[in-house]
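> Okay, handing you the structure first.
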Amino acid sequence: MDFETVRNHYGSVIVLITFLSRIIFVGFCWSYGTVIVHFKKEYPMISDTELSWIGSIGQSFGGLLAPVIFFLVRRYGYQIPFIFSLVTCIISLLISSIVHNIHWLLITYSFPYGFANSVIFILGTLICGLYYPISQYSKHILVMCIISTGFPMGYHIMSALIFSSIERYGWQSMKRHIALLELLASCILGPIFTAKYIPNTTSEHYRTTITVTQNNNNNRKIYFSLPIIIWMLGIFTTVSAINNFLLHLHMYLEYFAIPPARADLWFRLHGLFDALFRLLIPIFIHFYPMNIIYLFPICVFTGLIFLLLIFGLLYTSINALAVLPIILFGFTSAVTTSLQYTVSNQLFESDQTEQGYIYHVIITSLGLIFGPVVGGIFLDRTRSYKSIILTSIVFLWISFISFGITILLSNKKKKNNNESEQNQISTL
């Protein structure tokens, strides 16, 4: 097999590595709600706000440092930061497994794992965007949706492992077992995660992106334009709603006397169908071509409907049916997180796709942290689990309005540009 053959097919290997790393490493922190339920039972005096900080920072802290991660990529390439992040996750789990004061988990788990987890997530998206650039539109959409299934599949699989391990050995031993699994995965995935084999057809795109970034000649005004600010508000509130709901879901269901095993099953089913929706997105777009930007207000509106159904059904005698809208709510997170890289190409200049994605990551990370904490604060003050659903509903209403306004402004701008072009042509 010659070098060109390896180069042309290595993208498939990168997609597989990204997918597996998200299942194992990212999937763990998204399943941390299972651990939080155990903390609440073992430490009943700790507040829901504090527990929310531990979980949400562990999911997304590194996203706030996305520009630093982008700098590391330009300086050291993709492989070294990727391996460093895998090792950081392992060390974090081992150290946090010997902690007895739960507040020390912020230092030993949340911050280090949150940073490393975000590096793994960001690098996977960026490198897949190089092997399958937006110029290969159908392949690009398919790849982005495939790798985005990694973490919902991850919390479907990892939640089951975490739940069974805690039941048998306790949460500290569980972390050591997961650390051993991550060590094995790191030895396999780390050495073959590389950008060396980008096909010749896309290597020019890679060089252009690096040159544009290093020269720092980008038009920064676009980051502060009204449509972008409103769009990012929509991303922020959507992610806040999703993570507020998911991180507190186990506690919320147990409040309604749903058995822990069934609550864990419902959570994992949500992850499974979330992954399924991500795989269906490219098929839907293939048969019903549409601008992907319209999928964002659609997914938010359907999310609102499903949250209202969950809220209503849990207060009835047929609360077992609440599993259906919980499963279908996965469509909201599927669209919001799987298409951010691709939609960046529409909102920013073509040579700013990666920078636009980094902007998305920062805002997403703020939402991941902010949403559960707001839910935890209202839960502490009201002592009513209604606040979890209600805060998520408010977040999604804001999202729907924000996405709608952005699309209207974008369409108006396009119309004005077309009219000015026609006027110029008629003048000539």
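The values are calculated or read from the model by the stated rules, or taken from the named source; none is laboratory data. In this text the structure is predicted, and so the values were computed from the model without any measurement. Don't worry about glycine lacking a Cβ; one is built from the backbone with ideal geometry, like all the others, and counts go over all protein chains shown.
> Read through the list (1) free of Cβ contacts under 8 Å to residues at least 60 places away in the same chain; (2) crowded, with 17+ Cβ neighbours inside 10 Å; (3) among the hydroxyl-bearing types (Ser, Thr, Tyr), then give the number of the only condition that TYR10 fails.
With respect to (1) free of Cβ contacts under 8 Å to residues at least 60 places away in the same chain; (2) crowded, with 17+ Cβ neighbours inside 10 Å; (3) among the hydroxyl-bearing types (Ser, Thr, Tyr), TYR10 is out only on (1).
> Filter segment 40-92 for residues that are acidic (Asp, Glu) and over 17 Å from PHE111 (Cβ atoms); which is nearest to the chain's Cα centre (by Cα)?
Of the residues in segment 40-92, the ones acidic (Asp, Glu) are 42, 48, 50.
Next, from what is left, pick out any that are over 17 Å from PHE111 (Cβ atoms): 42, 48.
Details: GLU42: 29, ASP48: 23 Å.
Selected residue: ASP48.
> Restricting attention to segment 132-172, which residues are farther than 30 Å from PHE39 by Cβ and in a helix (DSSP H, G or I)?
TYR137, SER138, LYS139, HIS140, ILE141, LEU142, VAL143, MET144, CYS145, ILE146, ILE147
> Report whether or not PHE28 is surrounded by 22 or more Cβ atoms within 10 Å (Cβ to Cβ), under 17 Å from PHE193 (Cα atoms) and aromatic (Phe, Trp, Tyr).
Numbers: surrounded by 22 or more Cβ atoms within 10 Å (Cβ to Cβ): yes; under 17 Å from PHE193 (Cα atoms): no; aromatic (Phe, Trp, Tyr): yes.
Judged against the criteria, PHE28 is not a match.
> Among the residues of segment 132-172 satisfying the criterion of being more than 23 Å from LEU247 (Cα to Cα) and of a type in the set (Phe, Trp, Tyr), which is surrounded by the most Cβ atoms within 10 Å (Cβ to Cβ)?
Applying the filter and picking the extreme gives TYR132.
> In segment 362-388, which residues are of a type in the set (S, T, N, Q) and free of Cβ contacts under 8 Å to residues at least 40 places away in the same chain? Break it down into steps so the answer makes sense when it comes.
Narrowing segment 362-388 to residues of a type in the set (S, T, N, Q): 364-365, 382, 384, 387.
The answer is THR382, SER384, SER387.
> Please work out if PHE329 is crowded, with 22+ Cβ neighbours inside 10 Å and either under 24 Å from SER60 (Cβ atoms) or not basic (Lys, Arg) (or both). It would help to see each step written out before you state the result.
Details: crowded, with 22+ Cβ neighbours inside 10 Å: yes; either under 24 Å from SER60 (Cβ atoms) or not basic (Lys, Arg) (or both): yes.
When the stated conditions are applied, PHE329 passes them.
> Now, a different point. Looking only at segment 304-321, filter to residues that are part of a helix (DSSP H, G or I) and in contact (Cβ under 8 Å) with a residue 24 or more places away in the chain; which one of those is surrounded by the fewest Cβ atoms within 10 Å (Cβ to Cβ)?
Within segment 304-321, the subset part of a helix (DSSP H, G or I) is 304-313, 319-321.
Those left that are additionally in contact (Cβ under 8 Å) with a residue 24 or more places away in the chain: 304, 306-308, 310-311, 319.
Numbers: LEU304: 20, PHE306: 21, LEU307: 23, LEU308: 14, ILE310: 24, PHE311: 17, ASN319: 16.
So, considering only residues that are part of a helix (DSSP H, G or I) and in contact (Cβ under 8 Å) with a residue 24 or more places away in the chain, the one surrounded by the fewest Cβ atoms within 10 Å (Cβ to Cβ) is LEU308.
> Could you list all residues from segment 283-300 that are touching a residue at least 24 places away in the same chain (Cβ under 8 Å), surrounded by fewer than 19 Cβ atoms within 10 Å (Cβ to Cβ) and in a helix (DSSP H, G or I)?
HIS286, ILE292, ILE293, TYR294, ILE298
> Oh, and also: Does SER92 count as hydroxyl-bearing (Ser, Thr, Tyr) and modelled with pLDDT of 90 or more? Lay out the reasoning, then the answer.
Numbers: hydroxyl-bearing (Ser, Thr, Tyr): yes; modelled with pLDDT of 90 or more: yes.
In short, yes.
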